[in-house]
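Before any comments, here is the structure.
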Amino acid sequence: MSLIYNIGHLVGIQPSGVLRVQGAAQGQTGVLEHAWLSIEDGRIAAFGPMASCPKMAGQAGQDGSVMPDPDRASVDARGGMVMPGFCDSHTHVVYAGSRDGEFLDKINGLSYEEIAARGGGILNSADRLRQTPERGLYRQSLVRVKEMMKKGTVALEIKSGYGLSPEAELKMLRVIRRIRETVPAAVKSTFLGAHAVGRGYTHAEYVQMVIDLLPEAAPLADFVDVFCDDGFFTVEDTERILEAARGLLTPKIHANELAVSGGVQVGVRHGALSVDHLERTTDAEIEALKGSKTMPTMLPGSSFFLGLPYGRAKDYIQAGLGVALASDYNPGSSPSGDMRFVMAQGCIKMRLTPVEAFNAVTLNSAYAMGLSDRYGSITVGKKAALILTEPGWDLTRVAYQYQTPFIRKVYL
Ligand SMILES: [Zn+2]
């Protein structure tokens, strides 16, 4: 057993069985001041106020004082905060090379659509990925995942979608599987064959290729995703792919980034675990999500990078829904997996309270990966996937002083 004691704020306490928080509940979380937490077999075993802190075996007990034996894997938090690690439910972190040339195109004012029309964007990434050997792709991607873990991410989802041919899509899924087998963070895998139409296919041929690939992709993936948006895949394409994936893979949908696409409604109809992006939504999308099991997920990092509107997270929460936030880490529209920055943007740009933003990057984003029974809150029995901060931090300061290093240790 190991013990963390002298915790200033133990944040993110939830009763077991709470798999997501919605509406007013998104603005609440359990906090214990001056606390301890014990870990057994990698799971949260118990926690409580310092007055009840267990003495470690072998300690010569002094009545009233709590001084756990430093040799028994006990850690003095020195007043630091302990919170669940970040959960990042939407990334494209497996990719080859960088797209810094397009960064200059963007500075010079070209739009996402214009860059795509010039053969850039996703197709550019696909060309590079196909030329990169599987081993090199794994190595490059692993560096990014390690960087994310260092910044406090303990669970993440990774999508295919830069392959855009049967061989290259399966290569990506194998790389994701290898990352899952290598890193201590939880990794979920999504087959996003329908990210863009691959070179050499007509639109119709490409949709058929994705459908035909499903049986081979399914054993390597947890979810299926479609970029249901203006200029990419239509609601009808999405319907066909999700019909074919029924019983094989649960959907997560890219929707409403570039237009009010109908992607939210098609996702809800097919029982999607999440619908993601949502920069452009009307009240009809909010209505469609009510009473569903689908988690609306917003990606403020791509709004920031592309200059798109931010999602209406506050309106969703006021309508009684929950909201998750994720990084969208990818080379074209969000080259960062920093979930603390995502949380800060939730507060600064989307007017979420620090607790609402915190729940969006922990419990609700864990839900959006089907992991919230094991990750995303301080709950006995959940994985001890935690962030211990330097002394003096609380949730508000994490979002407010968003550039100051705050992590002392990430437990995985
Ligand atoms: Zn994405």
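The values are calculated or read from the model by the stated rules, or taken from the named source; none is laboratory data. Since this is a predicted model, take the numbers as computed values, not measurements. Reconstructed Cβ throughout: ideal geometry from the backbone, glycine too, with neighbour counts over all protein chains shown. Remember, those area values only see protein heavy atoms, side chains included, never the ligands or the DNA or RNA. Shrake-Rupley method; radii C 1.70, N 1.55, O 1.52, S 1.80 Å.
What is the Cα centroid distance between the stretch 354-383 and the stretch 140-196, reported in whole angstrom?
One Cα centre to the other: 20 Å.
How much FRET efficiency would the formula 1/(1 + (r/R0)^6) give for Ala218 and Val18, where r is the Cβ-Cβ distance and R0 is 22 Å, rounded to 0.05?
Values: r = 30 Å, r/R0 = 1.37.
The value I calculate is 0.15.
Once you place label points 7 Å from the Cα toward the Cβ at Val235 and Asn108, how far apart are they in nm?
3.8 nm
Nearest 5 is fine: what % of DSSP beta bridges in the stretch 86-367 come out antiparallel, could you say?
Working: 1 of 30 bridges.
Restricted to the stretch 86-367, the bridges split so that about 5 percent are antiparallel.
Taking the 0 to 90 degree range and rounding to the nearest ten, how far is the long axis of helix 134-150 tilted relative to the main principal axis of the chain, both from C-alpha atoms?
40 degrees
Calculate one ³J(HN,Hα) per residue across the stretch 384-398 by plugging θ = phi - 60° into the Karplus curve 6.51 cos²θ - 1.76 cosθ + 1.60, and present them in order as whole Hz with x for glycine and proline.
With coefficients 6.51, -1.76 and 1.60, one gets 7, 9, 10, 10, 9, 9, 5, x, x, 8, 9, 4, 4, 5, 4 Hz.
Sequence-distant or interchain residues sharing an amide H contact under 5 Å with His9, placed H: which?
His34, Met81, Val82
Let's see if you can work this out: charge +1 on each Lys and Arg Cβ, -1 on each Asp and Glu Cβ, no other charges. What is the dipole magnitude of the chain about its Cα centre, in debye to the nearest 20?
Values: 42 positive and 44 negative charges, 194 e Å.
It works out to roughly 920 debye.
Put one equal scatterer on each alpha carbon of the stretch 193-235, apply the Debye formula with no solvent term, and list log10 I(q)/I(0) at q = 0.22, 0.25, 0.33, 0.34 1/Å to two decimals.
-0.75, -0.92, -1.23, -1.25
Calculate how steeply helix 339-348 sits against the longest principal axis of the alpha-carbon atoms of the chain, using the helix alpha-carbon long axis, and give the answer as 0 to 90 degrees to the nearest 10.
The two axes meet at around 90 degrees.
What does the net charge come to around Ala96 if you take all other residues with beta carbon closer than 11 Å to its beta carbon, with K and R at +1 and D and E at -1? Write out the running numbers ahead of the final one.
Working: positive: Arg99, Arg128, Arg130, Arg139, Lys171; negative: Asp127, Glu134.
The answer is +3.
Once phi is turned into θ = phi - 60°, what whole-Hz ³J(HN,Hα) does the Karplus curve with 6.51, -1.76 and 1.60 give for every residue of the stretch 155-171, x standing for Gly and Pro?
Once rounded to whole Hz, the list reads 8, 8, 10, 10, 9, 7, x, 10, x, 6, 8, x, 5, 6, 5, 5, 4.
Given H placed 1.01 Å from N in the peptide plane, which residues other than close sequence neighbours of Ser74 have an amide H under 5 Å from its amide H?
Residues meeting the criterion, in which the H sits 1.01 Å from N, are Leu3.
Hey, could you grab the Kirkwood Rh for the chain? Inverse mean 1/r over distinct alpha carbon pairs, Å, one decimal.
21.7 Å
If the label point is 7 Å along Cα→Cβ of Arg374, which residues in the stretch 76-110 have backbone nitrogen under 19 Å from it?
Only 84-91 pass the distance filter.
Using the Karplus curve 6.51 cos²θ - 1.76 cosθ + 1.60 with θ = phi - 60°, what ³J(HN,Hα) values do you get for each residue of the stretch 4-16, in whole Hz, with x for Gly and Pro?
Karplus values, whole Hz, x for Gly and Pro: 10, 10, 6, 6, x, 10, 9, 10, x, 6, 9, x, 5.
On C-alpha positions alone, give me the angle between the axis of helix 121-131 and the longest principal axis of the chain, in degrees, nearest 10.
Approximately 80 degrees, to the nearest 10.
By the scheme Lys and Arg +1, Asp and Glu -1, what is the net charge of all other residues having a beta-carbon under 13 Å from that of Ala24?
On the way: positive: Lys314; negative: Glu356.
For residues surrounding Ala24, the net value is 0.
Calculate, in nm to one decimal, what Tyr201 and Leu248 gain on full extension: separation in residues at 0.36 nm each, minus their alpha carbon distance. Could the numbers behind the result be given before it?
Values: separation 47, 0.36 × 47 = 16.92 nm, distance 2.48 nm.
Taking 0.36 nm per residue and subtracting the Cα distance, the gain is 14.4 nm.
Mind jotting down the three principal axis lengths of the stretch 202-307 based on Cα atoms? Whole angstrom, largest first.
The Cα atoms of the stretch 202-307 stretch 35, 32, 23 Å along the principal axes, largest first.
Rounded to the nearest whole Å², what accessible area per residue is found for the chain with the 1.4 Å probe? Before the final figure, lay out each step's value.
On the way: 15610 Å² over 412 residues.
Solvent-accessible surface per residue comes out at 38 Å².
Expressed as a rounded percentage, what relative contact order does the chain have, with Cα pairs under 8 Å and six or more residues apart? Working shown, then result.
Working: 942 pairs, mean separation 88.1, N = 412.
Taking the mean separation of contacting Cα pairs over the length of the chain, I get 21 percent.
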